Amino acid sequence: AAAPAVPPAKAAAPAPASEHVPAATPAEPVPAAPSSFWDRINAAKAKAAAAAAAAAESQALAPASCTEPAAAGAACAPSDSGKTAAAGASTGAQGSFWARLQAKKAASAAAGSSTGSDGAQGADAPASAAAAAAPAQAFVAPDGRTFSDQTAFRRYVFEGWYTFVGKSGEMLRKLPGEVSGQPFNLRDLTDCTVEILDHCDAMHVEALRRCTVFIAASSESVFMRDCHDCDVWLACKQLRTRDCSNCRLFLYSKTDPIIETSTGMGFAPFTGASPKLDEMFASAHLAPERNLWNRVFDFNKGETCVPEPHWSVLPTEQIKSRSIVVDGLPAPVNPVEASPQATTGSAVAPSRGASSGGMVAFDIRSTSQSDAERALAVAAKRRT
């Protein structure tokens with residue numbers, strides 16, 4: 001008998017209309033790469049914040065740690081590391097890079113100030129102790145006296161070694177090498193003989209009466225004030241007098257001398273000599289060939305309140321020389337005397353001889369004041 005036919009397979013029944021077949025889950029889209037530098041920075045910040053938050057969460061879920069056994073039923077407080085992580089997560093999630101940086105600076109500053117006060121005291125303490133232990137600097141005067149104060153030391157040395165003050169009828173001398181370019185003062189001297197045989201800086205000569213003074217070489221100004229009836233041999237950069245009278249000045253001056261409220265002042269070229277005077281001139285930067293002794297500037301010219309004459313060129317018979325001999329030192333020299341230009345005046349004190357171009361000249365060393373006046377009168381007649 002024929003085999004029974006196999007019934008055809010039934011087609012799959014369609015799903016009921018109400019049954020929903022889920023669609024395939026699409027792949028998670030990959031975020032686009034940041035388009036700018038700041039986008040990348042912000043993405044990195046967000047990633048770091050997320051990581052910090054995850055770490056904080058895991059730390060919070062971890063069992064708490066206690067340093068001491070807890071009482072029954074008591075819970076331990078979260079560990080310090082958990083607190084730190086949570087704080088870091090909060091800061092990372094909420095704050096920006098600049099906020100964290102400012103917070104870090106503030107924390108560092110607070111820590112530094114806390115330890116700095118103690119640390120500074122600790123650091124200063126050894127220094128203070130060392131300063132207290134170190135001996136104070138001592139200043140020793142030529143006589144061996146010591147000073148801790150430099151101002152007091154200088155005053156003591158200046159008044160003791162670079163000043164002659166309050167003397168009467170004495171011989172006062174400084175030898176070569178005893179001044180060595182320092183300032184020097186003469187004050188309140190009467191009937192004294194003063195010899196400064198070394199080069200010096202500025203000098204103040206005040207309140208001298210009937211003194212004989214020799215100043216070898218001053219590299220600066222010499223100020224004479226309230227001096228009367230003195231003979232002075234002086235070489236300096238500039239001479240300035242005030243309130244002086246009847247002084248005879250045998251002068252070398254590198255610049256024009258100046259007188260003020262002074263009367264009866266007689267001027268002549270420098271005629272002094274002393275040991276090593278040429279060396280003193282060189283040390284004081286004085287050029288012996290340029291002596292402006294008679295180029296006197298009178299502040300009170302024409303003023304009758306100051307008795308006339310305020311100044312004059314000394315006549316030949318009143319010109320004196322002074323040569324100082326010192327045992328053990330070379331023979332005295334005068335570098336100015338060797339230069340005829342230094343002892344020849346201009347219009348005020350010319351040299352004897354013919355006139356030229358309205359200028360009369362004569363030699364001050366061999367011509368008196370009256371001779372000079374007669375020569376000027378003759379020259380004036382010739383010009384007319």
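The values are calculated or read from the model by the stated rules, or taken from the named source; none is laboratory data. A quick note: this is a predicted structure, and the numbers were derived from the prediction, not measured. Methodologically, a virtual Cβ is constructed for each residue, glycine included, from the backbone with ideal geometry; neighbour enumeration extends over all protein chains shown.
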Being in contact with an Asp or Glu (Cβ under 7 Å, 6 or more places away or on another chain) and surrounded by fewer than 19 Cβ atoms within 10 Å (Cβ to Cβ) is the filter here, so list the residues in region 252-311 that pass it.
Thr261, Leu292, Arg295, Phe297, Phe299, Asn300
I'd like the full set of residues that are closer than 20 Å to Tyr252 by Cβ and either among the hydroxyl-bearing types (Ser, Thr, Tyr) or outside the structural domain of Asn246 (by TED's automatic domain parsing) (or both), limited to region 295-339.
Ser312, Thr316, Ser321, Ser323, Ser339
Of these, Arg187, Arg225, Arg248, which one is closer than 20 Å to Ser323 by Cβ and basic (Lys, Arg)?
Arg248
Select, from Leu186, Leu234, Leu239, Leu208, the only residue that is touching a Ser or Thr at 6+ places or on another chain (Cβ under 6 Å) and in the same structural domain as Leu292 (by TED's automatic domain parsing).
Leu239
Determine if region 353-363 includes at least one residue that is within 30 Å of Cys200 (Cα to Cα) and either surrounded by 14 or more Cβ atoms within 10 Å (Cβ to Cβ) or modelled with pLDDT of 55 or more (or both).
no
So, in region 244-299, of the ones that are polar (S, T, N, Q) and in a loop (DSSP other than H, G, I, E, B), which residue ends up farthest from the chain's Cα centre (by Cα)?
Asn246
